[in-house]
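Participant: If you scroll down you'll find the structure; I have some questions about it.
The values are calculated or read from the model by the stated rules, or taken from the named source; none is laboratory data. Just so you know, these numbers come straight off a predicted model, no measurement behind them. FYI the Cβ positions are ideal-geometry reconstructions off the backbone, even for glycines, and counts take in every protein chain you see.
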Amino acid sequence: MRTFIVCLICCVPCLAAQVEIAVTGANGAALKDALVIVQDLQGKDDRELFRALTDVRGNIPPHTLAPGVYRAIAVFPYSHRENSVSEFLVRDAPVNLQLRMAESQGLDDLPVSIGQLIVHVISPNGQPAVGARVLVRDAEAHPGSEHWGTTNAQGSTTLELNLTPAVLVVVYRDQLYTFPADTYETQRTLRLK
């Protein structure tokens, strides 16, 4: 009976993957004592999973995460470094993520709604990407800057725009795509490859 249980445990497929995150400066040098915050983006609210400080090599301890969409934020409080933000997708393979923190250029911008952005998502086969999750946010992922939408049967969704949109993220059929965004667009077509 014991052999059966051990075999059963060993044969069950792993539904998680190891995630390793490193933080560097713009020059590629490791940053010690940067704070890394990891959020789960699968629910209605971005739920913080964990936070950790980087070691002398710029790494945080590896974590095992279930498949899904996540965000890593590197901050260096009371320094002259800009926050670094990156969404990432976990499936069944290990994830190695590197966050680069540039030197800060000025004061933080407050997110202000300036209108709407209509996003059309085209799948890799050229058809509308129905049911794609789309996110627009500023460069540092301030909570007031984040707006999610889900594409309709025509592959379109409408998102609120803040004063400084910087990133569009699309999650479609277990793939994550990232595109730059800017303030001047009111419509955007994103072709997935």
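Participant: Take the residues of segment 61-80 that are more than 17 Å from the chain's Cα centre (by Cα) and modelled with pLDDT of 95 or more: which is surrounded by the most Cβ atoms within 10 Å (Cβ to Cβ)?
Facilitator: If we take residues in segment 61-80 being more than 17 Å from the chain's Cα centre (by Cα) and modelled with pLDDT of 95 or more, then PRO62 is surrounded by the most Cβ atoms within 10 Å (Cβ to Cβ).
Participant: Ok, one more. Kindly provide the set of residues from segment 149-163 that are assigned to a loop (DSSP other than H, G, I, E, B), surrounded by 13 or more Cβ atoms within 10 Å (Cβ to Cβ) and touching a Pro at 6+ places or on another chain (Cβ under 6 Å), ordered by number.
Facilitator: Within segment 149-163, GLY155 is the sole residue that qualifies.
Participant: Being farther than 17 Å from ARG91 by Cα, modelled with pLDDT of 95 or more and surrounded by 10 or more Cβ atoms within 10 Å (Cβ to Cβ) is the requirement here; does LEU31 meet it?
Facilitator: no
Participant: Can you pull out the residues in segment 136-148 that are of a type outside the set (Lys, Arg) and either assigned to a loop (DSSP other than H, G, I, E, B) or surrounded by 15 or more Cβ atoms within 10 Å (Cβ to Cβ) (or both)?
Facilitator: VAL136, ASP138, ALA139, GLU140, ALA141, HIS142, SER145, GLU146, HIS147, TRP148
Participant: Take the residues of segment 34-60 that are free of Cβ contacts under 8 Å to residues at least 40 places away in the same chain and acidic (Asp, Glu): which is surrounded by the most Cβ atoms within 10 Å (Cβ to Cβ)?
Facilitator: ASP40
Participant: Let me ask you something else. For segment 157-170, check the following and say yes or no: at least one residue is under 29 Å from GLU48 (Cα atoms) and touching a Lys or Arg at 6+ places or on another chain (Cβ under 6 Å).
Facilitator: Among the residues of segment 157-170, at least one is under 29 Å from GLU48 (Cα atoms) and touching a Lys or Arg at 6+ places or on another chain (Cβ under 6 Å), which makes the answer yes.
Participant: Can you name every residue in segment 164-193 that is modelled with pLDDT under 90 and either outside any loop (DSSP other than H, G, I, E, B) or of a type in the set (Ser, Thr, Tyr) (or both)?
Facilitator: THR164, THR183, TYR184, THR186
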